[in-house]
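Single-structure report; data block below.
The values are calculated or read from the model by the stated rules, or taken from the named source; none is laboratory data. These numbers come from a predicted model, not from an experiment. Here Cβ is always computed from backbone atoms with ideal geometry, including for glycine, and neighbour counts include all displayed protein chains. Side chains included, ligands, DNA and RNA excluded: accessible areas come from the protein's heavy atoms. Shrake-Rupley method; radii C 1.70, N 1.55, O 1.52, S 1.80 Å.
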Amino acid sequence: NNASDPWSSWNVGKSGNWDNGNAGDSWVTKPESAAGQRNSASNNWETAAAFGHPQAYQGPAADDDDWDDDWDDPKSASPSYLGYKETEASEAGGLQRGNSRTAAMKLPLNKFPGFAKPGMEQYLLAKQLAKPKEKIPIIIGDYGPMWVYPTSTFDCVVADPKKGSKMYGLKSYIEYQLTCTNTNRSVNHRYKHFDWLYERLLVKFGLAIPIPSLPDKQVTGRFEEEFIKMRMERLQAWMTRMCRHPVVSESEVFQQFLNFRDEKEWKTGKRKAEKDETVGVLIFSTMEPEAPDLDMVEIEQKCDAVGRFTKAMDDGVRELLTVGQEHWKRCTGPLPKEYQKIGKALQSLALVFSTSGYQGESDLNGAITEAGKTYEEIATLVADQPKKDLHFLMETNHEYKGFLGCFPDIIAAHKGAIERVKESDKLVATSKITPQDKQNMVKRVSTMAYALQAEMNHFHSNRIYDYNSVIRLYLEQQAQFYETIAQKLRQALSRFPVM
């Protein structure tokens, strides 16, 4: 029953080739240093709950939004990585979209400079790396490596969905208004523009930073109000995540997506982003750790620890999602019906009693009738409650499921680099590379390790904040829910005569 399972088709992340390891030996860095610089534009769960929330739209995940439309721009090359069939895995094991659109969908990463074979060697064995314009510093905070957070933060408000059309009305689409809180300027984007941004961020940062996939596409019902509302909320959550990340939010492609001034500037910026060569493994060439190089033993230990923790968290998140889905179904299905049955049975009993003709039982019969109505009211409360608390807990878990689904590819890239360094002694012995080449490899793998630790510091900081907020909200709403039920039962009890 899809009506009882609102998350079954959204962001179904693939677990990928997780590293086998003991989940008990997890690397958990303290997040306080990153938390001190956290983007203040976070999900305000309390505010969202105060205004209520629609139940998630039910429907199959599939393509929509005129996907064969070539961006209305004949000069722009069609993104060849969309709708691509499975190809040979790249050096990192094939960076997957991490959602349920099609099981075999992969990005043909060999189409992009940073993923072209020989893959990892392009970064590790390059005699001299090109100096990109974008620099990503990594500093050492109180609790380890961390990204540099911008002094001023911003969020992006997704609102005002409007239906538009093209080709004389033959094709329709929904356009959303995006407004940055730091500029107060608005731009309009269709869903496929968001998808284009996702693809560009994935190609550029996907081996260093988890880029969760967008909410799934839709064939039927995509112009229905409830679906549009739900999609807008999930796009809002995705944009808030991106705005919160200190590297992604400051990147040129992300800023251009939010701040273009006209159609010409949008198309120019889009073509420029598609020609960006600092993608894939080459993203690490932009990173500059302000710290001494790490030794290979420590690098490998850190990589293994991240793999163990993220795999263990992925298992925990999936378990909570399974339990939550079952509870949602119960609360919106059989449980309210049980309360309704009790209510109707009590009212039927009161009706039978009223036929006795005995004058002294009218108060009792009225009290029993009201008790029955109270149970019918409780049935409605039970059915509505998941939208007020469980919904937010499930949405948060789905977001993190999307994040965690990215880590197998990230870990695979790092392990691939570590293996290359381990093989470097043989290459030096056979004069295929010089000792200086090996030294450069170790230095570059050390940079990758610092990037991984910086990302995990950011991840842990957000994880602690998000789960503290959403579980507090869940418990507060649950307490209020049961207090409301208790109050109704006490009111029903007060109607019964004291014998």
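Is it the case that some residue within the range 330-344 is open to solvent by 60 Å² or more (accessible area, probe 1.4 Å), within 32 Å of the chain's Cα centre (by Cα) and in contact (Cβ under 8 Å) with a residue 24 or more places away in the chain? Scanning the range 330-344 turns up no residue that is open to solvent by 60 Å² or more (accessible area, probe 1.4 Å), within 32 Å of the chain's Cα centre (by Cα) and in contact (Cβ under 8 Å) with a residue 24 or more places away in the chain.
Please work out which residue is farthest from TYR474 (Cα to Cα), limiting yourself to the range 345-388 and to residues that are among the hydroxyl-bearing types (Ser, Thr, Tyr), buried (at least 19 other Cβ atoms within 10 Å of the Cβ) and out of contact with any Lys or Arg (no Cβ under 6 Å at 6 or more places or on another chain).
Across the range 345-388, the extreme among qualifying residues is THR369.
Of the helices (runs of 4 or more DSSP H) lying entirely inside the range 216-274, the ones with 1 or more residues being modelled with pLDDT under 90 and either in contact with a Ser or Thr (Cβ under 7 Å, 6 or more places away or on another chain) or open to solvent by 20 Å² or more (accessible area, probe 1.4 Å) (or both) are found at 225-244, 263-274.
Just one of the numbered conditions (1) assigned to a helix (DSSP H, G or I); (2) within 30 Å of MET287 (Cα to Cα); (3) not hydroxyl-bearing (Ser, Thr, Tyr) is not true of ILE485: (2). Suppose the filter is at pLDDT 95 or above, assigned to a helix (DSSP H, G or I) and closer than 30 Å to ARG190 by Cβ; does LEU321 pass it? Yes, satisfied. Residues that are surrounded by fewer than 23 Cβ atoms within 10 Å (Cβ to Cβ) and in contact with a Gly (Cβ under 9 Å, 6 or more places away or on another chain) within the range 413-451 comprise LYS415, GLY416, listed in sequence order.
Among the listed residues LEU321, LEU294, identify the single one that is buried (at least 20 other Cβ atoms within 10 Å of the Cβ), of a type in the set (A, V, I, L, M) and in contact (Cβ under 8 Å) with a residue 60 or more places away in the chain.
Working: LEU321 fails: buried (at least 20 other Cβ atoms within 10 Å of the Cβ).
Only one candidate passes the filter, namely LEU294.
Restricting attention to the range 175-211, the residues that are of a type outside the set (S, T, N, Q), outside any helix (DSSP H, G or I) and within 22 Å of the chain's Cα centre (by Cα) total 12. Residues that are surrounded by 14 or more Cβ atoms within 10 Å (Cβ to Cβ) and either modelled with pLDDT under 95 or of a type outside the set (D, E, K, R) (or both) within the range 481-494 comprise PHE481, THR484, ILE485, LEU489, ALA492, listed in sequence order.
Of the residues making up the range 126-136, those that are open to solvent by 50 Å² or more (accessible area, probe 1.4 Å) and at pLDDT below 85 number 6. Kindly check whether there is at least one residue in the range 433-444 that is acidic (Asp, Glu), within 18 Å of GLY119 (Cβ to Cβ) and under 20 Å from the mean Cα position of the chain (by Cα). Scanning the range 433-444, I find no residue that is acidic (Asp, Glu), within 18 Å of GLY119 (Cβ to Cβ) and under 20 Å from the mean Cα position of the chain (by Cα), so the answer is no. Residues that are in contact (Cβ under 8 Å) with a residue 24 or more places away in the chain and more than 16 Å from ASP295 (Cα to Cα) within the range 412-436 comprise ALA412, ALA413, GLY416, ILE433, listed in sequence order.
Taken over the range 395-431, the criterion of being of a type in the set (A, V, I, L, M, F, W, C) and within 35 Å of the chain's Cα centre (by Cα) is satisfied by PHE403, LEU404, CYS406, PHE407, ILE410, ILE411, ALA412, ALA413, ALA417, ILE418, VAL421.
Okay, residues lined up against (1) in contact with a strand residue (DSSP E or B) (Cβ under 7 Å, 6 or more places away or on another chain); (2) not polar (S, T, N, Q):
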position: VAL247; (1), (2): yes, yes
position: PHE257; (1), (2): no, yes
position: GLU263; (1), (2): no, yes
position: LYS267; (1), (2): no, yes
position: ALA273; (1), (2): no, yes
position: VAL297; (1), (2): no, yes
position: THR310; (1), (2): no, no
position: LYS329; (1), (2): no, yes
position: THR332; (1), (2): no, no
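Between a first residue in the range 179-191 that is open to solvent by 60 Å² or more (accessible area, probe 1.4 Å) and a second residue that is of a type in the set (D, E, K, R), which pairs have beta carbons less than 6 Å apart while being 6 or more apart in sequence or on different chains? Pairs found: THR181/ASP155; ASN188/GLU175. Could you say whether any residue in the range 436-459 is in a loop (DSSP other than H, G, I, E, B) and at negative phi? No; the residues of the range 436-459 include none that is in a loop (DSSP other than H, G, I, E, B) and at negative phi.
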